[in-house]
Amino acid sequence: MGIVNITPDSFSDGGEALDPLAGVARAETMVEQGADIIDLGAESTRPGARPVSAAAEIDRLMPVLERVRDLPVPVSVDTMKPQVMVEALRNGASMINDVFGFRAPGAIDAVASSECGLCVMHMQGEPRTMQTAPHYDDVVGEVAAFLLGRVRAFEQAGVDAGRIVVDPGFGFGKTLDHNLALLRALRSLSADGVAVLAGLSRKSMLGTITGKPAGDRQAASVAAALLAIERGADLVRVHDVAATRDAMAVYAAVQGSRA
Ligand code: HH2
């Protein structure tokens, strides 16, 4: 899954694709490099980010979505807002990726009757304050229980679990130790056998480990993506598609399969 952030303030690529044509070009390049899904985001969720209105998010998103939907891969829209979900699905999105886990009132209703894919992510708190003092007694157990609860909520709304992908939400209300524990236990987070997505690309945990700024974390991101795949991730959400693809090809060759 290749990341295209149409935002002024995303932590690693903010401002790079604010112009719709730049966003489209970025998506096209990622598809050429081997992305299977493009994830469009129009609101930053980095720690401390300020929320934007649904109208502003839709205004940023639509000019890019209208073009990217013609690419030969499905388009996911990264949003927490039911109103944005409805507009995205009406305009060609095939998947909704919600870092708030579809907990906003109306979020499940906004997506239930469509056929779209659903990424359900775990976050403790909300972006503005989530990194202040994250606390868990048992991070793996609590995140797994949350994800299973969301899968059940969807099933109660008549949504087939086959549409759902779960994601532990690396860096969303988590310390480095929490993130590492979740990465080690990734396979066990697959609630009811649903697919697992891992988003580690350029995240601050990699900065803590390597001492490098966001723009200089490509090697660490590729390593993290590969470790996530080895530990059961079915999808990886990345900024550096070409490099990640190369690493996956090596991994697949060693495993005796094709990437
Ligand atoms: N991480 C970010 C945003 N959306 N969605 C899922 N499912 N999983 C993630 O780990 C995830 C996500 C944050 O990264 P990024 O989009 O690069 O930055 P920003 O939120 O600042 O736009």
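The values are calculated or read from the model by the stated rules, or taken from the named source; none is laboratory data. Just so you know, these numbers come straight off a predicted model, no measurement behind them. Please note: Cβ atoms are built from the backbone with ideal geometry, for glycine as well, and neighbour counts cover all protein chains shown. Side chains included, ligands, DNA and RNA excluded: accessible areas come from the protein's heavy atoms. Shrake-Rupley method; radii C 1.70, N 1.55, O 1.52, S 1.80 Å.
Taking region 51-98 only, how many residues are closer than 21 Å to Val238 by Cβ, open to solvent by less than 30 Å² (accessible area, probe 1.4 Å), touching a helix residue (DSSP H, G or I) at 6+ places or on another chain (Cβ under 8 Å) and not hydrophobic (A, V, I, L, M, F, W, C)?
2
Can you pull out the residues in region 174-183 that are closer than 12 Å to Ser204 by Cα and either outside any loop (DSSP other than H, G, I, E, B) or open to solvent by less than 20 Å² (accessible area, probe 1.4 Å) (or both)?
Selection gives Lys174, Leu176, Asn179.
Kindly indicate whether any position in region 28-41 is touching a residue at least 12 places away in the same chain (Cβ under 8 Å), within 22 Å of Leu118 (Cβ to Cβ), in contact with an Asp or Glu (Cβ under 8 Å, 6 or more places away or on another chain) and surrounded by fewer than 18 Cβ atoms within 10 Å (Cβ to Cβ).
Within region 28-41, not a single residue is touching a residue at least 12 places away in the same chain (Cβ under 8 Å), within 22 Å of Leu118 (Cβ to Cβ), in contact with an Asp or Glu (Cβ under 8 Å, 6 or more places away or on another chain) and surrounded by fewer than 18 Cβ atoms within 10 Å (Cβ to Cβ).
Could you give every pair whose Cβ atoms fall below 6 Å, whose first residue belongs to region 211-239 and is among the β-branched types (Val, Ile, Thr), and whose second residue is within 13 Å of the ligand (Cβ to nearest atom), counting only separations of at least 6 or pairs across chains?
That search, which allows pairs on different chains as well, returns Val236/Ala198; Val236/Ala225; Val236/Ala228; Val238/Ser201; Val238/Ala225.
Listed here are the residues, each with its yes/no results for (1) closer than 13 Å to Ile3 by Cβ; (2) within 14 Å of the chain's Cα centre (by Cα).
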| site | (1), (2) |
| --- | --- |
| Ala195 | no, yes |
| Leu206 | no, no |
| Ala220 | no, no |
| Ala225 | yes, yes |
| Gly232 | no, no |
| Ala243 | no, no |
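Name, by its number, the condition in (1) open to solvent by less than 20 Å² (accessible area, probe 1.4 Å); (2) within 26 Å of Gly171 (Cα to Cα); (3) in contact (Cβ under 8 Å) with a residue 40 or more places away in the chain that does not hold for Gly48.
Here Gly48 meets the rest and fails (1).
Might you let me know whether region 123-133 holds any residue that is out of contact with any Lys or Arg (no Cβ under 9 Å at 6 or more places or on another chain), away from the ligand (no atom under 12 Å from the Cβ) and open to solvent by less than 30 Å² (accessible area, probe 1.4 Å)?
Looking through region 123-133, none of the residues is out of contact with any Lys or Arg (no Cβ under 9 Å at 6 or more places or on another chain), away from the ligand (no atom under 12 Å from the Cβ) and open to solvent by less than 30 Å² (accessible area, probe 1.4 Å).
Hey, among Ala144, Ala157, Ala195, Ala219, which residue is within 15 Å of Met121 (Cβ to Cβ) and away from the ligand (no atom under 13 Å from the Cβ)?
Ala144
Which of (1) without any contact (Cβ under 8 Å) to a residue 60 or more places away in the chain; (2) more than 24 Å from Gly149 (Cα to Cα) is the odd one out, the single condition Leu182 does not satisfy?
All conditions pass for Leu182, except number (2).
Yes/no matrix, rows are residues, columns are (1) out of contact with any Leu (no Cβ under 7 Å at 6 or more places or on another chain); (2) assigned to a loop (DSSP other than H, G, I, E, B):
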{"site": "Gly158", "(1), (2)": "yes, yes"}
{"site": "Phe170", "(1), (2)": "no, yes"}
{"site": "Arg187", "(1), (2)": "yes, no"}
{"site": "Met205", "(1), (2)": "no, no"}
{"site": "Ile209", "(1), (2)": "yes, no"}
{"site": "Gly215", "(1), (2)": "yes, no"}
{"site": "Val222", "(1), (2)": "yes, no"}
{"site": "Ile229", "(1), (2)": "yes, no"}
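Can you name the number of the only condition in (1) away from the ligand (no atom under 12 Å from the Cβ); (2) touching a strand residue (DSSP E or B) at 6+ places or on another chain (Cβ under 9 Å) that Val166 fails?
The single condition Val166 does not satisfy is (1).
Can you go through Ala233, Ala223 and tell me which one is more than 24 Å from Asp9 (Cβ to Cβ) and touching a strand residue (DSSP E or B) at 6+ places or on another chain (Cβ under 6 Å)?
On inspection, the qualifying residue turns out to be Ala233.
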